Structure formats: structure tokens, C-alpha cells
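S.K.: Dropping the structure in here first, questions after.
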Amino acid sequence: MSAGVFILILVVAIAALVLMIVKAKMHPVLALFIAALGTGIALGYGVTGSVDYISNGFGGTLGSVGITIILGAIISMAIEDTGAAKVIANFFIKLFRGKRMELAPALTAFIMSIPVFGDITMVLTAPIASMLSKRKHISMSTMASFTGLGLFLTHGLVPPTPGILAIALMFGSDLGMTIVWGLVISFVGFFGTYFLLRKWTEKEWIEPDPEFVRGMEETDSDSEDDILIKDSGLPHTGEGFLPLLLPVLLISVSSFAQMYAAEGSAIYTICTTIGNKVIALSIGLLYSFYLGYKQRKMVLGVYADTYNEPKAKLGEVMLNKWVARGLVVCLSPLLITAMGGAFGNVLKNSPALEPLSKLIADSPIPAILVPWAIAAIMMTSVGSMTTAGMTAAAIVLPMMPDLGLSSLAAVLAIGSGTLMGNHYNNSGFWVMGQFFHLNTKQSVKYVTVPCAVASVICLIAVVILNAVGVFG
């Protein structure tokens, strides 16, 4: 199959998907399945082959993110009921003096997403964004745009995030310089996009998910003192942050152990065990249970006042009701995410991807644009930043002598390219939409568009830094 035919099939598939979801009001799970099946048949896999790719992609995605999303959703319920979300919201209200509150979850995600998988960051920051949205009357369109932007930027550009880390190692790029310049470019991309799109994101009002803001009051005041949440019995700030920070710290320790500790050593084994994403979140959940016990008066008060269950038992609340509510919140994102992975799996197995990339490489565009363009096409096609980056790296690496680029420039150009085309076949697209209370059309506006703008801004930064010889 030629590259042109593949592009035509991809465009038709995405257009059909949009029509099914937006116009026909079809549920995304069913629309993604139909689009994946039709695309697989068009790509020549046949009905059976297409179903196999769909099943493998669905199961693989569910297996990779399912438990983490479930655990994160349960922790989110604990953060809400124990008052931890209010404490975190208060921290950022003080930090930003009651202004620019959308930057609070955005910069939290910017930092958290370096060591932590993006899906976990989305789930853990959603309650904070929702609380601040309700308290300060900020649309979730704004919250989602910049929280998602923060986490996708560092996920794509800053090691030790697995994808960009592996790419840097493949190219032999200096890891320290990759981290430093990845952070610089991510910072430029974030604030460049923020200043360009902030007013645009404010034009549409989107309510936060009611599950995250039960009992939360709105205030019209710009005074920090008036905005602060002054409920009695709230936990200390450190206690409130630990359900979020504990998994992040453990995963970070694991990342550094993999870089610096000898494989097989005791320290390597311990750190990589407790830093496994499922185990780290499980430890975070155990701490949440402890916090629930310590805040038992507040937790039981929530169930008496909000859920009209004055006789609820603490053990039942934490071990049953938190889990049940978390599952309700994450069930739809889980299934949509898994089917999005199925659609992506159908696309990424097409043999037309390689000639498509070579077609770009052979074109007369400037050398620095080649790795970015290939990564952007891969991301648009396969829907995974890690897969897109690794595939682009494998294609670009043999071209390096002809391109005349430094390894650092190529790595950062690829990372910037993986921000482009964040749409229906990316699991993170659906997780963001569901947890930040966006419908599919809104997710395209406030997830896909900011990432695309940031991708271009990051590319411009890479081009300028490369032109002035910063990358060597």
C-alpha cells in the first residue's frame, strides 16, 4: 500500500469517527470499534485480522493502564472525602494569591508527568482542577487545556519519562542536557501556548464533574482570604498532598535507580519494586486509608450530609464505597481508553507507515524539520507518544549522517513532534476528556488543539536553539 492511500484511509477513518460521535451521538466505544474495524479492512487485514488487532490493542491497553486508572480513581475519592483536595486547593490559592488558578493543576501536572505515566497524572490532578474550577468559577475548558498541556509536554520531552529516555539513549544524547533543554523547551511551549490560547479557552463554559465538587461553594471575590476554603477539621497541607506525592516520589526513585543503580543490586530491586506504578499507587492508596481513618469524623460527615447515610461505617466507606464510586468514575474512561488503544493498534501495524516516513525524509524540507515531521505523522497515526517517538527514532537514526544534526537536536525535535496529532486513537485523549468533564467535540478543542500549538512552538524553539549552535 502506498503512503498516499494510507493517508486517505486515515483521513476518512477520522472523519467517520467524528461524524459518528458528534453528529450521530454514538457512544465513543462503539464508534471507535466501528472505525477500527473499517480501517483494518481498508488496510487489507481482512475481517478476522482486523478483529485480532482490535482485540490485542483493546486488551493490551486495558492491561497497561487499567489497574492504575482504577487505583487512581479510588485515591481521588479519598482525596475528596478526607478534605485533602480542599487542602491542596488552598495551597495553590495561597501560592498564586487567588489569581491564575488554572496554573495550579497545570504546573502540578507539568512536574508530576516527568516521572509518572500521563494517565495517572490526569486522574490525580482532576479533583484539584475540578475543585478550583468550582471555587473560582473557571471553566473546565481552561483547566483541561493547560493541565493536559503541562503533562503532555514533559511526558514527551523530559527524561526519565520512558519514551524520550529511550530515544535519548538510542541517539547517544547526553542525558543531563536532554533533561535540561527538554525542560526549557517544555517551559517555552507551555507558556507560549498559555498566552496564545488562554482567552480562547475561556469562551466556553464547562462545569466540573459534580462527583469531584460535592459541597463545594463558589465565590465571586478576588480576595485570597475570601477564596480560601475554611472548613473545620481539614488535614495538614503535607498530609493532604501525600496521597498524590507518595506514588510520584516512589516512581521517581525507581526511574533514578534504573539510570544509576547496578541492575540486580539490592537497591535496584527495592527501588524498582516499590516504584512499579501499580505498587506505588497501591502504597498511595494504603496511605489514603490511613488518612481516611485519621479524618474519620470528616469522612463520615460527608456520607451523612452529602449521601444521606448517617449510619455509614468507616470501614465500609473506605473499602467499599470509595471503590464503588471510583469504579463508576473510571469505568467509561477505561473502556473508551481501551478501544482507543484498539484503533491505534490497527493503524500502527500498517506497513505503509515506513514508506510514508521515507517520503518525508526524501523531501526537500530543512533537516531539523524531518525528525519532527516523522514523529508528528507517527503520533497522528498510532496514538501513543512513546510508540510514535520510538518509531520515528528508528526511522531517523540511519538518516543522521545525511541530516547533519546533533543527537540532542534530533531527540528534542522528535519529542516536540509527538505532541502533534493527539486525538481519538490516543488513550490519554479519552482519559482527559472523561475526567475533566469534556465531551468528544470539546476534547478535540481543548486537548488536541493546545497540544498541536505547543508542538509548533516547541519546534520553533528547537530550530532557533539549533541555529545558534546551542545543541552543538
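The values are calculated or read from the model by the stated rules, or taken from the named source; none is laboratory data. Please read these numbers as outputs of a predicted model, since none were measured by experiment. We place every Cβ from the backbone using ideal geometry, glycine too, and count neighbours over all the protein chains shown. Surface accessibility is based on the protein's heavy atoms, side chains included, excluding ligands, DNA and RNA. Shrake-Rupley method; radii C 1.70, N 1.55, O 1.52, S 1.80 Å.
S.K.: By how many degrees, between 0 and 90 and to the nearest 10, does the Cα long axis of helix 3-18 differ from the longest principal axis of the chain?
M.R.: 20
S.K.: In whole Hz, with x marking every Gly and Pro, tabulate ³J(HN,Hα) for segment 219-228 from phi via Karplus 6.51 cos²θ - 1.76 cosθ + 1.60, θ = phi - 60°.
M.R.: Once rounded to whole Hz, the list reads 10, 8, 6, 9, 6, 4, 5, 6, 6, 4.
S.K.: Next question. Can you pull out the chymotrypsin sites (Phe, Trp or Tyr not before Pro) in segment 82-114 whose DSSP state is coil and whose Cβ has at most 10 other Cβ atoms within 10 Å?
M.R.: Sparse-neighbourhood loop chymotrypsin sites (Phe, Trp or Tyr not before Pro): none present.
S.K.: Additional query: Per residue and in Å³, how big is the convex hull formed by the alpha-carbon atoms of segment 170-209?
M.R.: That works out to 119 Å³ per residue.
S.K.: Report the far tail of the P(r) of segment 240-349, meaning the percent of Cα-Cα pairs longer than 23 Å.
M.R.: Summing the P(r) tail past 23 Å for segment 240-349 gives 52 percent.
S.K.: For segment 150-307, state what percent of all Cα-Cα pairs lands in each successive 10 Å bin, counting from 0 Å until the bin that includes the largest distance.
M.R.: Cα pair-distance distribution for segment 150-307, in percent: 8, 22, 29, 26, 14, 2.
S.K.: Carbon and sulfur: what percent of segment 246-303's accessible surface (1.4 Å probe)?
M.R.: 69
S.K.: So, one more: Tally up the carbon and sulfur contribution to the accessible surface of segment 23-100 as a whole percent, 1.4 Å probe, everything protein left in place.
M.R.: Solvent-exposed carbon and sulfur of segment 23-100 make up 65 percent of the total.
S.K.: Let me test this: with uniform point scatterers at the alpha carbons of segment 280-417, what is the Debye-based log₁₀ I(q)/I(0) at q = 0.12, 0.20 1/Å?
M.R.: Results for segment 280-417 at q = 0.12, 0.20 Å⁻¹ read -0.65, -1.08.
S.K.: Could you please report the charge total around residue 315, scoring K, R as +1 and D, E as -1 over all other residues with beta-carbon less than 12 angstrom from its beta-carbon?
M.R.: Taking every Cβ under 12 Å from that of residue 315, the sum is +2.
S.K.: Give the long-range amide H neighbours of residue 350: residues separated by 5 or more places, or on another chain, with amide H under 5 Å away, using H modelled in the peptide plane at 1.01 Å from N.
M.R.: Under 5 Å from the amide H of residue 350: no residue qualifies.
S.K.: How much net charge surrounds residue 423 when only the other residues with a Cβ under 15 Å from the Cβ of residue 423 are counted, with Lys and Arg +1 and Asp and Glu -1?
M.R.: Net charge around residue 423: +3.
S.K.: With 5 Å bins from zero, work out the P(r) of segment 118-240 over every alpha carbon pair and list the percent per bin.
M.R.: Calculated over all Cα pairs of segment 118-240, the distribution is 2, 10, 15, 16, 17, 14, 11, 8, 5, 2, 1 percent.
S.K.: Okay, next question. Expressed as an acute angle from 0 to 90° and rounded to the nearest 10, what is the orientation of the C-alpha long axis of helix 322-348 relative to the principal long axis of the chain?
M.R.: It is inclined by approximately 0 degrees.
S.K.: Between segment 406-452 and segment 239-263, what's the alpha-carbon centroid distance in Å?
M.R.: Taking the Cα centre of each part, segment 406-452 and segment 239-263 sit 25 Å apart.
S.K.: Follow-up question, since we're still on this one. Enumerate the lysines that residue 94 could reach by cross-link, defined here as Cα to Cα under 29 Å, with residues fewer than 8 away along the same chain left out.
M.R.: Filter leaves 86, 134, 136, 199, 203, 230, 294, 297.
S.K.: Let me ask you something else. Any idea what diffusion coefficient segment 21-132 gets from Stokes-Einstein, in µm²/s, Kirkwood Rh on alpha carbon pairs, 37 °C, 0.692 mPa s?
M.R.: The diffusion coefficient I find is 195 µm²/s.
S.K.: Just the number, please: carbon plus sulfur as a percent of the accessible area of segment 343-472, 1.4 Å probe, no ligands or DNA/RNA counted.
M.R.: Roughly 65 percent of what the probe reaches on segment 343-472 is carbon or sulfur.
S.K.: Could I ask something else about it? What percent of all Cα-Cα pairs in segment 96-189 falls in each 10 Å bin, counting up from 0?
M.R.: 18, 44, 26, 10, 2
S.K.: If we sort 224-235, 34-45 on the protection proxy, mean other Cβ atoms within 10 Å, highest first, what's the order?
M.R.: 34-45, 224-235
S.K.: I would also like to ask the following. For segment 425-472, state the average projected area of the convex hull of the C-alpha atoms over all orientations, rounded to one decimal in nm².
M.R.: Projected area, direction-averaged: 4.2 nm².
S.K.: With the other protein chains left in place, how much accessible area per residue, in square angstrom, belongs to the chain at a 1.4 angstrom probe?
M.R.: Accessible area per residue: 39 Å².
S.K.: Something else: Quick one: plug the Kirkwood hydrodynamic radius of the chain (C-alpha pairs) into Stokes-Einstein at 25 °C, 0.890 mPa s, and report D in µm²/s.
M.R.: After rounding, the answer is 107 µm²/s.
S.K.: Note the angle between two axes, namely the Cα long axis of helix 237-260 and the longest principal axis of the Cα atoms of the chain, as a number of degrees from 0 to 90, rounded to the nearest 10.
M.R.: Taking the Cα atoms of the chain, the angle to 237-260 is about 30 degrees.
S.K.: Along the charge dipole of the chain, Cβ charges K/R +1 and D/E -1, which of 104, 330, 275 sits furthest on the positive end?
M.R.: Of the listed residues, the answer is 330.
S.K.: Debye calculation, C-alpha points only, no solvent: report log10 I(q)/I(0) for segment 362-460 at q = 0.20, 0.23 Å⁻¹, in the same order as the q values.
M.R.: -0.89, -1.08
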